[in-house]
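Worksheet: the structure to be examined is printed underneath.
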Amino acid sequence: MSHGQFFLTTPIYYVNAAPHVGHAYTTIMSDILVRHHRQRGDDVFFLTGTDEHGAKIARSAEAAGRTPREHADALSARFREMDEVVGATYDFFIRTTDERHVAEVQNVLSVIHDRGDIYKGSYGGWYCTACETFYAEGDLVDENRCPIHGTAVEWVEEENWFFRLSAFRDRLLALYDENLAFVLPSSRYNEARRMIELGLDDLSISRSQISWGVPVPWDPEQVVYVWVDALFNYWTATRFAEGAEHYWPADLHVMGKDILKFHAVIWPALLMSAGIELPKQLTIHGYVLKGGEKMSKTTGNIVDPFPFIDQYGLDPLRYYLTREIRFGEDGTFSAESFDARYHSELANEFGNLLNRTVNMIGRYRDGVVPPDHGRDAELVAEVDAARDNVVAAFDAVDPTRAVDEIWVLVRRLNRLVEERAPWKLAKDEAAGDDLDQVLFSLAAGLRAVAVLLWPVMPGKCSDALAALGHPAGDPTLAQATMDPGYAGATVAPCPPLFPRIEEQ
Ligand code: MSP
């Protein structure tokens, strides 16, 4: 197994309103990816944070009767709280109002300016403040509405500093040609490549009419366009977070499809201009939908993750989001499908099997995992294959497929218990070795399941491993095997992992 460095980022979230399931989704998927990499022995750096400048934040602060700084402090804290509640094991939380970030943004922009890639020009266009971006007239819906938020756009005209994005077309195309996996999935790679092929307009990278932002170093009357300020967070964090410098370039930027262009086109061009090494890969996921529409603070169509966590616990939410919403595609969050997956998959297929296994080992073998008589070679091969398939799925940045692969094993173990009926073997004195074997296979198979599933449900899988007599501590990938040395471990009966939840 290769051990390497793995630097993963989430987008930094706008602090205009409280987090919802859409944000939790990106952060949870990212957390699952980094936990898997830690299991492989990689040296992980997991970066997340908040995007705190710009008109969108300034306006929401005003509406809340607070200064932008007070507003950003309050809402950035809510995102940190979300990280804690969803179990995100980030290594550094960046805020773009951090002075160290501000100074680094100013430095890097000066470099781009000195290279001759920035010039002064005037611009007029339709602006959506919720997106913090200009739209071409043809992209608007209902004449004057933002295609993402459906809210009215505004005509904004000012004299700004421009980045010569158009000059990077060939270099960007070369990047895409050399690295066919630069953007995942391939449909998003194609979409980004098409944007570049069609030709790029230069980008206005400063604003004169707002003051809540990073002052342009050579023209402090203007502030840096919030997206440029924000994109650089990935790099600036490695400049000032302690011990983080060696992590650049990022291995993986994770994000929703709404911000593809910024990351797949503008971001690499800015880095090329600044002479900074490019990130290795971007992975783009779909939207979490509610009632068929994107969840968004701006439209008010949101699901609050916290009540689900209160009712079912955190790990079922992490599992549900991974399994129900195919990574890379849009998927609908619904209370009904949540409840259905919780009861049929988690409570019945996984939790029940664990309890039955531990109880049978208690009853028939005094709580000690019996020896492996080597009669289940097929299952040994299946567990090895499941582990390899999970690794391959994570290499392809597909946590949904990883869980699907693990579930093949869960169902295999459920079939095993029905086929071999240990409760019948227990009545037959001549079948002692057969009973040993089935109990060993079930316990060892479940142990492998809990190890592989641990990045998705760290709490529940740790409980399952403890019940199976596995030593405490974060499990490593190498432990997902049918190791005969596991025999002799003492199981510890536990309450149901996923208790039934009565309808409220
Ligand atoms: N601040 C910018 C990102 C700057 S990164 C340099 C931003 N912030 S955001 O808070 O509006 O959204 C950030 C991310 O949250 C999205 O890219 C996506 O990953 C996630 N999501 C927000 N709503 C979502 C859904 N309804 N569904 C899935 N993800 C969603 O854009």
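The values are calculated or read from the model by the stated rules, or taken from the named source; none is laboratory data. What you see is a predicted model; the values in this text were computed from it and never measured. Here the Cβ is made from the backbone with ideal geometry for all residues, glycine too, and neighbour counts use every protein chain on show. Just the protein is used for accessible areas: all its heavy atoms, side chains included, with ligands, DNA and RNA removed. Shrake-Rupley method; radii C 1.70, N 1.55, O 1.52, S 1.80 Å.
Please tell me if Tyr342 is of a type in the set (Phe, Trp, Tyr) and out of contact with any helix residue (DSSP H, G or I) (no Cβ under 6 Å at 6 or more places or on another chain). Break it down stepwise before answering.
Details: of a type in the set (Phe, Trp, Tyr): yes; out of contact with any helix residue (DSSP H, G or I) (no Cβ under 6 Å at 6 or more places or on another chain): no.
Spelling it out, it is not the case that Tyr342 is of a type in the set (Phe, Trp, Tyr) and out of contact with any helix residue (DSSP H, G or I) (no Cβ under 6 Å at 6 or more places or on another chain).
If we scan segment 51-68, do we find a residue that is among the hydroxyl-bearing types (Ser, Thr, Tyr), away from the ligand (no atom under 13 Å from the Cβ) and either open to solvent by 10 Å² or more (accessible area, probe 1.4 Å) or assigned to a strand (DSSP E or B) (or both)?
Yes: segment 51-68 contains one or more residues that are among the hydroxyl-bearing types (Ser, Thr, Tyr), away from the ligand (no atom under 13 Å from the Cβ) and either open to solvent by 10 Å² or more (accessible area, probe 1.4 Å) or assigned to a strand (DSSP E or B) (or both).
Residue pairs whose Cβ atoms lie under 6 Å apart, separated by 6 or more positions or on different chains, with the first residue in segment 208-236 and within 14 Å of the ligand (Cβ to nearest atom) and the second of a type in the set (Phe, Trp, Tyr), are Trp227/Phe262; Leu231/Trp267. For the subset of segment 17-35 comprising residues that are more than 8 Å from the ligand (Cβ to nearest atom) and among the polar types (S, T, N, Q), which member is nearest to Ala58 (Cα to Cα)? In this case the residue turns out to be Thr27. Please go through segment 128-166 and pick out each residue that is within 14 Å of Ile205 (Cβ to Cβ), of a type outside the set (A, V, I, L, M) and surrounded by 17 or more Cβ atoms within 10 Å (Cβ to Cβ). Once the filter is applied, which keeps residues that are within 14 Å of Ile205 (Cβ to Cβ), of a type outside the set (A, V, I, L, M) and surrounded by 17 or more Cβ atoms within 10 Å (Cβ to Cβ), segment 128-166 yields Glu132, Thr133, Phe134, Asn160, Trp161, Phe162, Phe163, Arg164.
Does segment 349-365 contain any residue that is free of Cβ contacts under 8 Å to residues at least 60 places away in the same chain, of a type outside the set (Lys, Arg) and surrounded by fewer than 16 Cβ atoms within 10 Å (Cβ to Cβ)? Taking every residue of segment 349-365 in turn, none turns out to be free of Cβ contacts under 8 Å to residues at least 60 places away in the same chain, of a type outside the set (Lys, Arg) and surrounded by fewer than 16 Cβ atoms within 10 Å (Cβ to Cβ). Of the residues making up segment 146-164, one or more are more than 16 Å from the ligand (Cβ to nearest atom), more than 24 Å from Lys280 (Cα to Cα) and in contact with a Cys (Cβ under 6 Å, 6 or more places away or on another chain).
Applying the selection to segment 266-286, what residues are surrounded by 21 or more Cβ atoms within 10 Å (Cβ to Cβ) and under 18 Å from the mean Cα position of the chain (by Cα)? The answer is Pro279, Leu282, Thr283, Ile284, His285.
The residues listed here are Thr9, Thr26; of these, the one that is of a type in the set (Val, Ile, Thr) and surrounded by 24 or more Cβ atoms within 10 Å (Cβ to Cβ) is Thr9.
Kindly indicate the residue of segment 252-265 that is near the ligand (Cβ under 10 Å from one of its atoms) and in a helix (DSSP H, G or I) and also surrounded by the most Cβ atoms within 10 Å (Cβ to Cβ) among those meeting that condition.
Of all residues in segment 252-265, those near the ligand (Cβ under 10 Å from one of its atoms) come to 253-260, 262-263.
Remaining after also requiring in a helix (DSSP H, G or I): 257-260, 262-263.
Details: Lys257: 17, Asp258: 17, Ile259: 20, Leu260: 18, Phe262: 20, His263: 22.
The qualifying residue surrounded by the most Cβ atoms within 10 Å (Cβ to Cβ) is His263.
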